[in-house]
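Visitor: Would you mind keeping the following structure in view while I ask a few things?
The values are calculated or read from the model by the stated rules, or taken from the named source; none is laboratory data. Just so we're clear, the structure is a prediction, and the values are computed from it rather than from any experiment. Please note: Cβ atoms are built from the backbone with ideal geometry, for glycine as well, and neighbour counts cover all protein chains shown.
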């Protein structure tokens with residue numbers, strides 16, 4: 001896990017996972033160094049998240065844990081962090097609470113339920129929740145930081161990268177603009193296949209909030225940090241319904257892939 005610092009306010013805890021046939025998918029979590037420190041997502045299971053977090057902030061000082069969606073690539077160290085940060089409150093939605101509770105009981109007195117459109121005061125700024133235009137979990141909730149202009153977009157805008165180094169790099173601009181767009185469309189159609197079946201006009205209307213926000217910095221769980229790219233990324237989202245549908249490898253492709261690997265003794 002690598003640490004990328006953005007100014008004084010944001011640390012990116014950058015990891016990745018290789019997905020054969022797609023590439024290296026970034027898996028980021030974030031620390032917002034607000035007056036009341038906020039951890040946004042908690043990485044992959046078993047990824048040494050608390051050690052990485054401890055290199056930028058004492059886990060005991062965390063006041064808020066914001067889970068953008070209750071899936072394991074976003075919640076890997078959630079239970080460990082709740083134990084290490086006894087004052088921290090867990091920000092999610094009612095549906096997110098239900099999904100997270102399936103793994104085991106949650107400390108209900110530490111929950112903070114926040115719906116899209118509502119804001120959270122973290123001492124020196126407000127974080128406003130929103131639903132990203134693309135998502136694969138109905139409880140997905142990103143947030144925008146009024147102080148930095150950063151938009152934490154969860155899975156929206158993701159892109160599998162060609163190498164592990166690029167997946168954990170500090171700037172999405174390290175990848176050619178055209179190739180990045182192609183990879184984002186691949187992710188959009190794989191992660192949100194429903195985008196091909198929606199009413200085009202109603203879908204495009206969901207981009208209005210982000211267009212008005214015009215975030216200076218887009219921070220996605222599955223994308224390197226992207227500064228000044230909102231117009232490009234919104235255009236990519238607008239094109240997603242007309243992109244080629246994703247078709248994953250079938251059994252024949254899997255067998256061909258496995259033929260290139262040595263058996264594990």
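Visitor: Name the residues in the stretch 72-94 that are out of contact with any strand residue (DSSP E or B) (no Cβ under 9 Å at 6 or more places or on another chain) and surrounded by fewer than 19 Cβ atoms within 10 Å (Cβ to Cβ), would you?
Guide: The answer is 72, 79, 80, 83, 84, 86, 87.
Visitor: Moving on to the next point. Between 134, 166, which is modelled with pLDDT of 95 or more, over 18 Å from residue 231 (Cα atoms) and within 17 Å of the chain's Cα centre (by Cα)?
Guide: Checking each option against the conditions leaves just 166.
Visitor: So, one more: Mind checking whether some residue in the stretch 95-106 is in contact with a strand residue (DSSP E or B) (Cβ under 6 Å, 6 or more places away or on another chain), touching a residue at least 40 places away in the same chain (Cβ under 8 Å) and either part of a strand (DSSP E or B) or crowded, with 19+ Cβ neighbours inside 10 Å (or both)?
Guide: no
Visitor: Scan the stretch 34-54 for residues that are outside any strand (DSSP E or B), buried (at least 18 other Cβ atoms within 10 Å of the Cβ) and at negative phi and jot them down.
Guide: 34, 36, 37, 42, 44, 47, 49, 52, 53, listed by residue number.
Visitor: Okay, next question. Report, by residue number, each residue of the stretch 138-171 that is more than 22 Å from residue 71 (Cβ to Cβ) and in contact with a helix residue (DSSP H, G or I) (Cβ under 7 Å, 6 or more places away or on another chain).
Guide: 166 - this is the single residue of the stretch 138-171 that is more than 22 Å from residue 71 (Cβ to Cβ) and in contact with a helix residue (DSSP H, G or I) (Cβ under 7 Å, 6 or more places away or on another chain).
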